[in-house]
Amino acid sequence: MDYKVAIYEDEDGVFIAECLELPGCISDGNTKEEAVENIKEAIDAYSESILKEKTEKLKGKIVNVTV
């Protein structure tokens, strides 16, 4: 899946990466490349967290369907 990520350099020279589609999903790095790698990990963790949260809320309401 593709996400839009804003990357900018802060006043201390650290690169900040912020996923625009996932509120609060932010990471950083000493280089742009490092910031991109770190935001990928942050997006994965964010997605897993949201899925777990939704699954817990819907416990007993989710079924598997084979077609």
(Q) Go through the range 21-40 and report how many residues are in a loop (DSSP other than H, G, I, E, B) and surrounded by fewer than 15 Cβ atoms within 10 Å (Cβ to Cβ). (A) 5
**Q.** Every pair of residues 6+ apart whose Cβ atoms lie under 6 Å, when the first sits in the range 23-35 and is over 13 Å from ASP10 (Cβ atoms) while the second is among the aromatic types (Phe, Trp, Tyr)
**A.** CYS25/TYR46
Q: Residues being under 24 Å from ASP2 (Cβ atoms) and either in contact with a strand residue (DSSP E or B) (Cβ under 8 Å, 6 or more places away or on another chain) or in a loop (DSSP other than H, G, I, E, B) (or both): count how many of those fall in the range 46-67.
A: 1
**Q.** Hits in the range 1-37 (condition: farther than 25 Å from GLU48 by Cβ and either touching a Lys or Arg at 6+ places or on another chain (Cβ under 9 Å) or at pLDDT below 95 (or both))
**A.** GLU9
Q) How do the pairs read when you match residues in the range 3-20 that are part of a strand (DSSP E or B) with residues anywhere that are polar (S, T, N, Q), using Cβ under 7 Å and keeping only pairs 6 or more apart or on different chains? A) PHE15/THR31; ALA17/SER27; ALA17/ASN38
Q) Which number in (1) surrounded by 13 or more Cβ atoms within 10 Å (Cβ to Cβ); (2) in a helix (DSSP H, G or I); (3) free of Cβ contacts under 8 Å to residues at least 40 places away in the same chain marks the one condition that ILE43 misses? A) (3)
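The values are calculated or read from the model by the stated rules, or taken from the named source; none is laboratory data. All values reported here derive from a predicted model rather than from experimental measurement. As a convention, Cβ positions derive from the backbone with ideal geometry for all residues, glycine included, and neighbour counts pool all protein chains shown.
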